Amino acid sequence: MTEEQVKKAREDAEALIAPFMKEMHDRMVDFYMAGFTDCMREYVSEEDLSLVRLKKDAILQKRLDQSDFSTRLWNTLRAMDVYTLGDIIKHSQLEYMKYRNFGIVCLGELQRYARKYGYEIKEV
């Protein structure tokens, strides 16, 4: 093989493997965000960690204005001064269940929303 053929083969291989490497990197970052910090630390750079922290902060600051919650759930959230995803996960399931007209259906709706972004509502 000539040097040019080797260079072309290397570029083709890199182009072929690049999407897989990006996906693997993104999954490692997702694992880190999910809390697998000890086993992933050596594979995730400090730059990625700072991006993850920014992404987590942005997610927690996500306003609920654009969410299509039921009216009953909206009323409870407003009564509890809950306006962001971060506010949602500060409260436990028991705290939500203490509010009038808030039941299992509303709790399920709220849990689905939190899980969509990788968070859970605390059980107490």
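The values are calculated or read from the model by the stated rules, or taken from the named source; none is laboratory data. None of the values given here were measured: they were computed from a predicted structure. FYI the Cβ positions are ideal-geometry reconstructions off the backbone, even for glycines, and counts take in every protein chain you see.
Side notes on the structure shown:
- Of all residues in segment 103-124 being in contact with a helix residue (DSSP H, G or I) (Cβ under 7 Å, 6 or more places away or on another chain) and small (Gly, Ala, Ser), the one that is modelled with the lowest pLDDT: GLY118
- Just so you know, in segment 60-101 the residues that are closer than 11 Å to TYR113 by Cβ and either touching an Asp or Glu at 6+ places or on another chain (Cβ under 6 Å) or aromatic (Phe, Trp, Tyr) (or both) include one that is surrounded by the most Cβ atoms within 10 Å (Cβ to Cβ), and it is LEU73.
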